[in-house]
Amino acid sequence: MNSPSSPSPEPMLVVEDLRVSFPNRDGGRTEAVRGVSFTLGRERLGIVGESGSGKSQTGRAILGLTAPEGRVTAKRLEFNGVDLLHCTSRQRRELRGGRIAMVLQDPKFSLNPVMTIGDQIVETLRAHTRIAARDARASAIAALESVQIDDPERVCKLYPHEVSGGMGQRAMIAMMLIANPDLLIADEPTSALDVTVQLQVLAVLDALVVQRGMGLIFVSHDLRLVSTFCDRILVMYAGQMVEQVEAGRLADATHPYTRGLMNCLPKLGEDRHPLPTLDRRPEWAL
């Protein structure tokens with residue numbers, strides 16, 4: 001895997017005071033994302049935290065995929081000069097999938113069950129590129145091959161229920177990358193993959209960042225994986241960003257929550273009984 005790329009001096013994505021809220025049963029609203037701010041250049045940015053910390057909602061808000069009942073606000077949410085909060089529906093359609101793509105966590109709910117995998121990849125490509133049907137099919141096969149799928153011509157003809165979870169995940173990654181986006185938001189993209197295939201997929205993503213200058217937001221629970229793959233890490237807790245640290249200096253993280261996450265990582269050759277637990281302090285959620 002290539003060494004980390006240097007952040008771009010002019011960020012392609014600017015997020016300032018992002019907030020995402022949803023109605024609750026009491027008639028009020030609950031904030032799932034609370035005041036998150038960061039910038040992204042042509043680099044790999046990891047976002048880590050426990051389930052419910054707001055990682056996925058942050059990614060969905062950037063792409064405009066927040067549920068209809070959700071409310072998204074920000075002082076600034078801008079991608080390459082485009083205001084993502086106030087852009088037109090046409091601008092949003094042109095951006096989504098073409099310039100900004102997102103790999104969702106579970107392929108079972110992301111792939112269309114009544115279309116073959118090949119047809120779905122071709123549809124994505126032709127929605128954003130002028131290309132002949134035959135050339136689009138060849139590109140779809142090449143995309144599946146690039147994510148280490150054996151016999152991609154056969155897989156192109158299969159329906160989502162005919163492939164394993166790991167293969168479905170790789171097909172989703174191929175689909176999101178085929179239009180050559182400038183920014184990819186990957187929500188647990190390797191969660192359904194074994195370690196060997198995981199490394200192969202990470203190598204594909206790494207090459208796109210280094211060779212094409214793509215920006216990558218990598219959402220994960222796996223702190224160790226993110227620390228070895230990404231350039232920077234944002235740590236989220238209860239909808240807030242509690243710490244931002246360079247991946248190479250994760251051992252120097254100072255926030256008690258980040259330190260607690262690191263302390264819970266398994267360590268070979270070390271007898272850990274009882275297993276450590278996180279000491280969640282009430283003030284972190286304020």
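Any read-out appearing in this document is the output of simple, stated calculations on the displayed coordinates, not a laboratory observation. Quick caveat: nothing in here was measured; it's all calculated off a predicted structure. All Cβ positions, even for glycine, are placed from backbone atoms using ideal geometry, and neighbour counts span all protein chains on display.
Kyte-Doolittle mean at least 0.0 and Cα extent at least 24 Å along the axis: which DSSP H helices of the chain qualify?
195-212
Return, ordered by residue number, the residues of the range 17-37 whose backbone nitrogen is under 19 Å from a label point located 7 Å along Cα→Cβ of ASP83.
So the set is 17-20.
To the nearest 20 Debye, how big is the dipole of the range 100-199 about its Cα centre, given +1 on the beta carbon of each Lys and Arg and -1 on that of each Asp and Glu? Don't skip to the end; give the middle numbers.
Numbers: 8 positive and 13 negative charges, 70 e Å.
That gives the range 100-199 a dipole magnitude of about 340 debye.
Lys/Arg Cβ at +1, Asp/Glu Cβ at -1, dipole of the chain taken about the Cα centre: which of GLN211, PRO160, LEU193 is farthest positive-ward?
PRO160
Give me the one-decimal nm value for the distance between modelled label points at HIS273 and ARG25, 7 Å along each residue's Cα-to-Cβ direction.
Output for this residue pair reads 4.1 nm.
Quick one: 3J(HN,Hα) in Hz for the range 231-242, Karplus 6.51/-1.76/1.60 with θ = phi - 60°, rounded, Gly and Pro as x.
Going residue by residue, I get 8, 10, 10, 9, 9, 10, 8, 6, x, 10, 8, 8 Hz, with x marking Gly and Pro.
Just want the ordering: HIS128, HIS273, HIS161, from fewest to most Cβ atoms lying within 10 Å of their own Cβ.
Least to most surrounded, the residues fall as HIS273, HIS161, HIS128.
Return the long-range amide H neighbours of LEU158 (sequence gap of 5 or more, or a different chain), with a cut-off of under 5 Å between placed amide H atoms.
The answer is ILE117, GLY118.
Could you give the nm distance between label points at GLU162 and ARG280, where each point is 7 Å from its Cα heading toward the beta carbon?
Placing both labels 7 Å beyond Cα along the Cβ direction yields 4.4 nm.
Would you calculate a helix-derived [θ] at 222 nm for the chain, using -39,500 (n - 2.57) for each DSSP H run of n ≥ 4 and dividing by the full residue count, to the nearest 500?
Taken over the chain, the calculation gives -9500 deg cm²/dmol.
Let me see the P(r) profile for the range 133-186: every Cα-Cα distance counted, bins of 5 Å, each bin given as a percent of all pairs.
Per 5 Å bin, starting at 0, the Cα pair percentages come out as 4, 20, 32, 25, 13, 6, 0.
Given labels modelled 7 Å from the Cα in the Cβ direction, how far is it in nm from ASP135 to SER51?
My value for the distance between the label points is 4.5 nm.
Hey, what did the range 1-134 get for relative contact order, percent, Cα under 8 Å, at least 6 apart?
Values: 164 pairs, mean separation 31.2, N = 134.
With pairs under 8 Å counted, the relative contact order is 23 percent.
If you average the C-alpha positions of the range 145-188 and of the range 266-286 separately, how far apart do those two centres end up, in angstrom?
Distance between centres, Cα-based: 36 Å.
Please state the relative contact order of the chain as a whole percent: Cα pairs under 8 Å, 6+ residues apart?
On the way: 525 pairs, mean separation 68.3, N = 286.
In percent, rounded to a whole number, it is 24.
List, largest first, the extents of the alpha carbons of the chain along their principal axes, each in whole Å.
Result, largest extent first: 58, 51, 42 Å.
Could you grab the relative contact order for the range 113-168? Cα pairs under 8 Å, six or more apart, rounded to a whole percent.
Working: 43 pairs, mean separation 28.1, N = 56.
In percent, rounded to a whole number, it is 50.
Return, for the Cα atoms of the range 143-286, the radius of gyration and Dmax in Å, separated by a comma.
For the range 143-286, the Cα-based Rg and Dmax read 18.0, 54 Å.
For the range 1-135, what log10 I(q)/I(0) values come out of the Debye formula at q = 0.13, 0.14, 0.16 1/Å, with one point per alpha carbon and no solvent?
For the requested q values the scattering log ratios are -0.71, -0.82, -1.03.
Identify the trypsin sites (Lys or Arg not before Pro) of the range 206-259 meeting these criteria: DSSP loop state and at most 16 other C-beta atoms within 10 Å of the C-beta.
Numbers: sites: ARG212, ARG224, ARG232, ARG249, ARG259; in loops: none.
In loop regions of the range 206-259 (DSSP not H, G, I, E or B), there are no sparsely surrounded trypsin sites (Lys or Arg not before Pro).
Nearest 20 debye, what's the magnitude of the dipole of the range 59-157 about its Cα centre given +1 on Lys and Arg Cβ and -1 on Asp and Glu Cβ? The partial results should precede the final answer.
On the way: 16 positive and 12 negative charges, 95 e Å.
Computed charge dipole of the range 59-157: roughly 460 debye.
Where the eigenvalues come from the Cα gyration tensor of the range 64-194, what are the semi-axes √(5λ) of the equivalent ellipsoid, largest first, in whole Å?
Values: eigenvalues 149, 61, 31 Å².
Square roots of five times the eigenvalues give 27, 17, 12 Å.
With the alpha-carbon atoms as the only input, what is the per residue convex hull volume for the range 131-220 in Å³? Intermediate values should be presented prior to the final figure.
Working: hull volume 8.5 nm³, N = 90.
Each residue corresponds to 95 Å³ of Cα convex hull volume.
So if each residue of separation counts as 0.36 nm, and I subtract the Cα-Cα distance between ALA203 and ALA127, what length gain in nm does that give?
In short, 24.7 nm is gained.
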